[in-house]
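What follows is one structure encoded as C-alpha cells, with my remarks underneath.
The values are calculated or read from the model by the stated rules, or taken from the named source; none is laboratory data. Predicted model only: the values in this text are computed from it and were never measured. Cβ atoms come from the backbone with ideal geometry, glycine included; neighbour counts cover every protein chain shown. We work out accessible area using only protein heavy atoms, side chains counted, and drop any ligands, DNA or RNA first. Shrake-Rupley method; radii C 1.70, N 1.55, O 1.52, S 1.80 Å.
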Amino acid sequence: MANFIPYGKQSIEEDDIQSVVNILNSDFLTQGPTTSKFENLISSYVNSNYAVTVNSATSGLHLACLALGLKDGDIVWTSPNTFVSSANCALYCNALIDFVDIDISTGLMSINKLEEKLKVAKSQNKLPKILIPVHLAGSSCDMKKIYELSLEYEFKIIEDASHAMGGKYQKYKVGSCKYSDITIFSFHPVKIITTGEGGVATTNNVELADKMIQLRAHGITKDKNKFISKSSPPWHYEQHFLGFNYRMNDIQAALGISQLSKVDKFVKKRNELREEYIKNISNEEIKFLEIPEDVYSALHLLVIRINNISEKKHIEFFKNLRKCGIGVQLHYKPVHLQPHYINLGFKKNDFPVAEKYATSALSIPLFPNLKHEELIFVVNSVEKITKSILF
C-alpha cells in the first residue's frame, strides 16, 4: 500500500549511511575497534560502568540470565505484556517461567501484584531467582520499589529496556542500573535507535560484564592472564565454557554510533508527537497509555485503549484502521496465551488484567519522521472508526 503509515519506522539520514560506508571501506567489518567505541559511548550515555553489545536484545537477555547464574529448575518472573523473548530467555536456560500481572493504565508490571505474589511464593519456597520487569512502550517500571523488594526477597533484576533507550526513571537514565543488575536494550529498526538488528547489555558489575563478553564469543578468552595453560604458543586462545556467537559487527556499531548521537532528539520528537495526538483526539472513550510519575518515557510505542469495547469490536477496530492504511498493532498478545506457553500449563484468566488490556489496546503510528498531515489522518480515522463501532 503506497500510503501505508506503519506504527514505527527507523530514521536514517545521510550521516548514518556515510558511517556504514566508512566501515565498508575500512580494514575491519567485524571484531574491530568500532564496536568497543560504541560500547564506551553507550555506557557514557546511560552512566553505567560497562556496556556489552550483542546481535539482538534476545541474545542480551539470554546472556544476562546466564551471567547471573540462572540454571535448570530456577524460577524467572516477567510481565505477560511483552514480546516473547522476555520469557523465552528463561526457557533457554532450562529455568521455570512465571508472570506478574500488569497495571492496565500503564501496561507495566503491577507493584501490588508483585508484592502479593512474592509473599505467596516465599510461603511456598518458590521465589524467583531473577525478575525481568519490562519497560513497555519506553516507560520505566517503578525500579526503586522493585529494587527494595529484591533486597527483601533476594532476587536479581534484569531490566528489559528494549523499548526505553533515551528514557529516564527519576533523575537516572534507563540503563544506569541504579536499581538493577543488568539492563538490556534493543536496536531493531522500529526501536528508538537502530543498528539493523542488535542490542546491548549495560551493568555496573565487572564480573557480569566479563562473563557476558566471554559468553557472546563461544566462551573463548584470549586474555593470557586468564589462561589455564601456563605455557602456550602466541596464537593460543582458550574456551572455558560453552558460549555463543552473539557478537555485534562493526558495520552495525558504526550505524549505532551515528544513531546514538541523535537519541535525545528522537525521544524529544516522540514526546512532542504524543502531545500533538492528545491535543487532537477528543473522544473520551480513547485513552492514552499513562506515563508514571518520575518517568520520562522514550515512547517507543504510542498505545491507546478504547473504553467499553468488546473483543469482537476490538478486532473490527484493528481491521478498519488497517483498511485505511494505518499500521496499528497490538503490543502484546499476552505471552502466557501463546501456544507454546499454553503447552507449558498456562491458561486463559491466569493474568486477567493483561488479557483485558490485550482486548482494548492498539499501538498507533509514532516515529520521528511522522508528518503532521499523517498524524491528523490517523487522528481523524481513529475517532471516526471509534464512533462508528461504539455508537
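Can you find a residue in segment 331-339 that is more than 23 Å from residue 282 (Cβ to Cβ) and of a type in the set (A, V, I, L, M, F, W, C)? First the steps, then the outcome.
Pass one, segment 331-339, residues more than 23 Å from residue 282 (Cβ to Cβ): 331-339.
With the extra rule that they be of a type in the set (A, V, I, L, M, F, W, C), the set shrinks to 335, 337.
Among the residues of segment 331-339, at least one is more than 23 Å from residue 282 (Cβ to Cβ) and of a type in the set (A, V, I, L, M, F, W, C), which makes the answer yes.
Tell me, which residue of segment 311-336 that is among the aliphatic types (A, V, I, L, M) and without any contact (Cβ under 8 Å) to a residue 60 or more places away in the chain is least open to solvent (accessible area, probe 1.4 Å)? Show your work before the answer.
Residues of segment 311-336 among the aliphatic types (A, V, I, L, M): 315, 321, 326, 328, 330, 335.
Next, only the ones that are without any contact (Cβ under 8 Å) to a residue 60 or more places away in the chain stay: 315, 330.
Values: 315: 84, 330: 43 Å².
Step by step, filter segment 311-336, then rank; the result is 330.
Kindly evaluate residue 190 against the criterion of being at pLDDT 95 or above, within 20 Å of residue 267 (Cα to Cα) and out of contact with any helix residue (DSSP H, G or I) (no Cβ under 6 Å at 6 or more places or on another chain).
Details: at pLDDT 95 or above: yes; within 20 Å of residue 267 (Cα to Cα): yes; out of contact with any helix residue (DSSP H, G or I) (no Cβ under 6 Å at 6 or more places or on another chain): yes.
For residue 190, the condition - at pLDDT 95 or above, within 20 Å of residue 267 (Cα to Cα) and out of contact with any helix residue (DSSP H, G or I) (no Cβ under 6 Å at 6 or more places or on another chain) - is met.
Determine which member of the set 374, 285 is modelled with pLDDT of 95 or more and acidic (Asp, Glu).
Working: 285 fails: modelled with pLDDT of 95 or more.
Every option except 374 fails the conditions.
Mind checking which residues of segment 12-33 are open to solvent by less than 70 Å² (accessible area, probe 1.4 Å) and over 21 Å from residue 266 (Cβ atoms)?
Those that are open to solvent by less than 70 Å² (accessible area, probe 1.4 Å) and over 21 Å from residue 266 (Cβ atoms): 21, 23, 26, 30, 32.
Scan segment 168-180 and give yes if some residue there is over 15 Å from the mean Cα position of the chain (by Cα), surrounded by fewer than 24 Cβ atoms within 10 Å (Cβ to Cβ), among the polar types (S, T, N, Q) and not in a loop (DSSP other than H, G, I, E, B), otherwise no.
No - not one qualifying residue is present in segment 168-180.
Restricted to segment 9-39, and to residues that are part of a loop (DSSP other than H, G, I, E, B), within 18 Å of residue 187 (Cβ to Cβ) and charged (D, E, K, R), which residue is farthest from the chain's Cα centre (by Cα)?
Filtering segment 9-39 for residues that are part of a loop (DSSP other than H, G, I, E, B), within 18 Å of residue 187 (Cβ to Cβ) and charged (D, E, K, R), the one farthest from the chain's Cα centre (by Cα) comes out as 13.
Taking the condition of being in a loop (DSSP other than H, G, I, E, B) and either of a type in the set (Val, Ile, Thr) or open to solvent by 10 Å² or more (accessible area, probe 1.4 Å) (or both), how many residues in segment 183-216 meet it?
13
Would you confirm whether any residue within segment 300-310 is surrounded by fewer than 21 Cβ atoms within 10 Å (Cβ to Cβ), more than 20 Å from residue 79 (Cβ to Cβ) and touching a Lys or Arg at 6+ places or on another chain (Cβ under 9 Å)?
yes
Check residue 52 against each of (1) farther than 26 Å from residue 334 by Cβ; (2) assigned to a loop (DSSP other than H, G, I, E, B); (3) at pLDDT 95 or above and name the one condition it does not meet.
(2)
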